[in-house]
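Down below is the structure, laid out as structure tokens.
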Amino acid sequence: MKKHVILIAALFALAAPLSVFAADHDHSGHGMNFLGNKPSGMAHQEVVDGIKTTFTVKTMKDAMKEMGMEMPAGVKETHHISVSFNNAKTGKAVTDGDVKIKVQGPDKAEQTKDLPAMHGHFGADFDLAKKGKYGVMCKFKLPDGKVRSAKFWYEVK
């Protein structure tokens, strides 16, 4: 497990130069949907109390491929779930906060994780190996101190 955490941290560290470029252009990662383009893997988007939330769900294989890397052996998680936050009026990215996601699988099994900040978004890896509908529930507290939540269904086919 420790190796997996270190590997993922290293992968995101390698992606840092790209996030600096995105920040210079105020396109903070996955949430840059103010031009009407759909981010890769977008699963859900909604405005919650003045904050635009954009969720993406990608297979670990696709996420690793986008970073130009091979999938490491022994990884049990099958999908990377991320969420980005933007001020709904200004489009400005909100990159600090406490974010937690609970995923309930088609078999009613639950996984709950804190999502660390990762270069313009918050994300973690989950096991979505079974086919069917998954309930994704997110609770987040941003620097303004308000606790917000969003939820959606995601289907694995």
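For region 59-97, the set of residues classified as assigned to a strand (DSSP E or B), under 13 Å from the mean Cα position of the chain (by Cα), farther than 17 Å from W153 by Cβ and not hydroxyl-bearing (S, T, Y) consists of H80, F85, listed by residue number.
Of all residues in region 129-155, those satisfying the criterion of being free of Cβ contacts under 8 Å to residues at least 60 places away in the same chain and within 17 Å of G41 (Cβ to Cβ) are Y134, W153, E155. Looking only at residues of region 108-119 that are part of a loop (DSSP other than H, G, I, E, B) and free of Cβ contacts under 8 Å to residues at least 24 places away in the same chain, we find that the one that is nearest to H44 (Cα to Cα) is P116.
Within region 98-107, the set of residues being of a type outside the set (D, E, K, R) and either within 15 Å of S149 (Cα to Cα) or not in a strand (DSSP E or B) (or both) comprises V99, I101, V103, G105, P106. Taken across region 7-22, residues that are at pLDDT 85 or above and farther than 25 Å from Q111 by Cα do not occur at all.
Looking across region 60-76, the residues that are surrounded by 13 or more Cβ atoms within 10 Å (Cβ to Cβ), more than 23 Å from T95 (Cα to Cα) and in contact (Cβ under 8 Å) with a residue 12 or more places away in the chain come down to D62, M69, P72, V75.
When the residues of region 104-149 are filtered to those that are of a type in the set (A, V, I, L, M, F, W, C) and over 13 Å from the mean Cα position of the chain (by Cα), the one that is nearest to N86 (Cα to Cα) is L142.
The values are calculated or read from the model by the stated rules, or taken from the named source; none is laboratory data. Everything quoted here is computed from the prediction, not taken from an experiment. Every residue, glycine among them, receives a Cβ derived from its backbone with ideal geometry; neighbour counts consider all protein chains shown.
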